[in-house]
Amino acid sequence: MDASIAARGAGPHAFPVNAKGHLEIGSVDAFGLVREFGTPLHVLDEDRLRANCRTYRTALRTAWPNSAVFFASKACCVMATCRLAYEEGLGVDVASGGELYTALQAGVPASHLMFHGSNKTPDEVDYALRAGVGRFVVDNEYELDLLEAYTARTGTQADILLRLTPGIEPHTHKAIQTGGVDSKFGFGIPDAALRAAGRAARLERVRLRGFHAHIGSQILDLEPFRLEAAACLDFAAQARDELDVSMEEMNFGGGLGIRYLTGDEPPAVADYVGALIDVLKVKVAEHRLNPPKVYVEPGRSIVGDAGVTLYTIGAVKTIPGVRTYVSVDGGMNENPRPALYGARYEALLADRPLDAPAQTVAVAGRCCESGDVLIWEARLPAVRGGDILAVFSTGAYTYAMASNYNRFPRPAVVLAGGGRARVAVARETYDDLIRNDVVP
């Protein structure tokens, strides 16, 4: 193989191709991964994961030293990713009691956790308070009721950020827009947010530290982030002037998109951070605000492009004049994103990653659903049963959203880096599937 061709790599993120002509992930041959761990297999490139964490940490601290990055664990909440993020100097954002438990079991101190959720239960609030969670991101009046009651009951205090809904709808799928006027998340600016801020400031054991906003996910344009920052900081000034509530902290959430297709052009992390901080500087000066501590919460842009899913191809079915279906041993049970909201991916054959495409096929999953198609128009060389297919940019919202539909066991997750691979999540067995079943 021409070394210059191999050096360019394969897929939308140019994963390396080794001397055998095979795809490599974390300097590990994809075929070696399949032999050792089987398929379907979610592989996370540990080196990329760590590099993405460091890129965020460096960019934010350079632009605004009084700052911190939190990994939005819902993108891929397993103990290994939570621990890795913490090792790289990030906090962890959790959105349920289960995510909280996962992060704590991974060794992340409770003080380094940001607890989200649009309908936290009394048990979750009690658990988080007793654990000593660093920040609650409060989403509604009901949560303020719970915090007031449970801080008194447990003799604890809660440091909170109020989640603001700034009325911004970025150009992304409606299912992953979260900051518009019609949203289940947060307090609308200004009226509902002012009422909540006024009430929170009066609670005896609740300390209002500042505000939070998150406008959506997979955003490839910087302007919505600028608008978000401006709206939140304008509100902070209004809360100070009308309620005498000062903002110590501002959490701008996450949402930066990644490259799923070769033609996607996501902004660089430094440009994303720069866009937020530029607005922050202007608004702090304009409103004479005390400079806050700044947080961001990337999830997809930490773990998304580090993920590759490996499948074994089974049946190949050609319908003359219609299409060819190439079936794999995974599907919507371990990656529901295409079925849920039309997510698109690129794929190639792991043993022939640089071969020119010879056909357009539909990559179909195993679930008994007509909509279980992972890629409708994949450009691939000639395929046959037993080939290994690699699908890129699958690190985020795949395993985290996996299910046991059709009673398929969930796949293994491995970390590959520095030429070695380690299990992060063991493959489920049939015994795991029935572990909690009871025959009355």
> Limited to region 21-49, what total is found for residues that are touching a residue at least 12 places away in the same chain (Cβ under 8 Å) and among the basic types (K, R)?
Replying inline: 1
> Got a sec? Which of R420, R379 is touching a residue at least 24 places away in the same chain (Cβ under 8 Å) and open to solvent by 50 Å² or more (accessible area, probe 1.4 Å)?
Replying inline: R420
> When you go through I319, I302 one by one, which is the residue that is farther than 23 Å from P40 by Cα, among the hydrophobic types (A, V, I, L, M, F, W, C) and at pLDDT 95 or above?
Replying inline: I319
> Does G304 qualify as being open to solvent by less than 40 Å² (accessible area, probe 1.4 Å), assigned to a loop (DSSP other than H, G, I, E, B) and touching a residue at least 60 places away in the same chain (Cβ under 8 Å)?
Replying inline: no
>> Among the listed residues R195, R207, identify the single one that is outside any loop (DSSP other than H, G, I, E, B) and in contact with an Asp or Glu (Cβ under 7 Å, 6 or more places away or on another chain).
In response: R207
>> Given (1) open to solvent by less than 20 Å² (accessible area, probe 1.4 Å); (2) touching a strand residue (DSSP E or B) at 6+ places or on another chain (Cβ under 6 Å); (3) not in a strand (DSSP E or B), identify the lone condition not met by V361.
In response: (3)
> Name the helices (runs of 4 or more DSSP H) wholly within region 1-117 that hold at least 1 residues that are in contact with a Ser or Thr (Cβ under 9 Å, 6 or more places away or on another chain) and either over 24 Å from G331 (Cα atoms) or among the small types (G, A, S) (or both)?
Replying inline: 46-63, 79-87, 97-105
> Considering R240, R209, which residue is surrounded by 16 or more Cβ atoms within 10 Å (Cβ to Cβ) and closer than 16 Å to V138 by Cα?
Replying inline: R209
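The values are calculated or read from the model by the stated rules, or taken from the named source; none is laboratory data. Not measured: the values here are computed from a predicted model. Ideal geometry is used to build each Cβ from the backbone, glycine not excepted, and the neighbour counts take in all protein chains shown. Side chains included, ligands, DNA and RNA excluded: accessible areas come from the protein's heavy atoms. Shrake-Rupley method; radii C 1.70, N 1.55, O 1.52, S 1.80 Å.
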